[in-house]
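Notes to accompany the following structure.
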Amino acid sequence: MQYLKIMEAISEQIDAGLLAAGNKLPAERKLADSFNTTRVTLRESLALLEAEGKLYREDRRGWFVSPTPLSYDPTYTTNFPQMAKEQGRLARTELIDAKLMPASRRAASLLKVPPLSEVYRVDRLRFLDERPVVVVTNFILPKYFPNLLEKSFTSSLTTLYREEYGVIYSKTRYRVSTTSLLGETAQHLRATAGSPAMLVERLNYDQHDNVIDCDLEYWRHDAICIESVAELSK
């Protein structure tokens, strides 16, 4: 089928380095003409390459070649900037919003608190090499972090917890699933609505084995590679 041949041709150019990471593809009309095909057929090819993580699309800007994904272990307690630095990447964080509010049904379930219990909600946008790759929403139990909203959230919560409250992450339970980017989450990530995404849910414990917060991470699916090491009992 023609769309598979087009997909293979573009994939070969990416693998050969002719289309470098971060490069913008020609406009769809021009690309369709170069393959002597329709834009409908071309989009089938591009959608398959997006599903494979080789391309990503930015709303109103077009298609781009995906950079090497970040190796990500959800059980790793090192903060996001440090994890990126260890892999030769540049990371930064922008605060979207921080407030005290009733817990959502999902947050209440994860934190094991009654429905509508008040929690801090902190929404942040994280960048890798100036590309927005993940929206992170933390739901935090206020009893462990008084006056938290007075603090800065542009650095990592791991550091903030340790330096301001003497709280250290000691254990994490996590769940990874596939989802789609919608609404404001898609807008923050400059993605078209319905773009594929990875959802990482984490439930975090302190050094006294208390549940202290949970976070929902909506990743551009091509931006990360989930890796984890399991130690087997002998």
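The values are calculated or read from the model by the stated rules, or taken from the named source; none is laboratory data. Values in this document were obtained by computation on a predicted structure and should not be read as measured data. Quick reminder, even Gly has a Cβ in these numbers, built from the backbone with ideal geometry, and neighbours come from all protein chains shown. Heads up: the accessible areas ignore ligands, DNA and RNA and are worked out on the full protein's heavy atoms, side chains in. Shrake-Rupley method; radii C 1.70, N 1.55, O 1.52, S 1.80 Å.
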Review point. Would it be correct to say that residue 193 is in a loop (DSSP other than H, G, I, E, B) and small (Gly, Ala, Ser)?
Key: yes
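Which residues, taken from the stretch 144-158, are over 15 Å from residue 214 (Cα atoms) and within 20 Å of the chain's Cα centre (by Cα)?
First, the residues of the stretch 144-158 that are over 15 Å from residue 214 (Cα atoms): 146-155.
Correct list: 153, 154, 155.
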Exercise for review: For residue 109, indicate whether it is small (Gly, Ala, Ser), more than 21 Å from residue 70 (Cα to Cα) and part of a loop (DSSP other than H, G, I, E, B).
Suggested key: no
Practice item. Go through 178, 137, 154, 172 for me and flag whichever is open to solvent by 90 Å² or more (accessible area, probe 1.4 Å) and either in a loop (DSSP other than H, G, I, E, B) or under 16 Å from residue 201 (Cβ atoms) (or both). Key: 178
Practice item. Could you tell me whether the stretch 71-83 includes any residue that is touching a Cys at 6+ places or on another chain (Cβ under 7 Å) and modelled with pLDDT of 90 or more? Key: yes
Practice item. Find the residue count for the stretch 1-15, including only residues that are of a type outside the set (Ser, Thr, Tyr) and within 11 Å of residue 52 (Cβ to Cβ). Key: 3
Check your understanding: Cβ-Cβ below 9 Å, separation at least six or inter-chain, first residue in the stretch 158-176 and more than 22 Å from residue 224 (Cα to Cα) and assigned by TED's automatic domain parsing to the domain that holds residue 213, second of a type in the set (D, E, K, R) and assigned to a strand (DSSP E or B): which pairs?
Key -> 161/213
Revision key, fill the gap. When the stretch 93-134 is checked residue by residue, the ones that are surrounded by fewer than 16 Cβ atoms within 10 Å (Cβ to Cβ), without any contact (Cβ under 8 Å) to a residue 40 or more places away in the chain and under 21 Å from residue 220 (Cα atoms) are 97
Review point. Taking the stretch 45-77 as the search range and keeping residues that are in a loop (DSSP other than H, G, I, E, B) and under 12 Å from residue 22 (Cβ atoms), which one is most open to solvent (accessible area, probe 1.4 Å)?
Key: 68
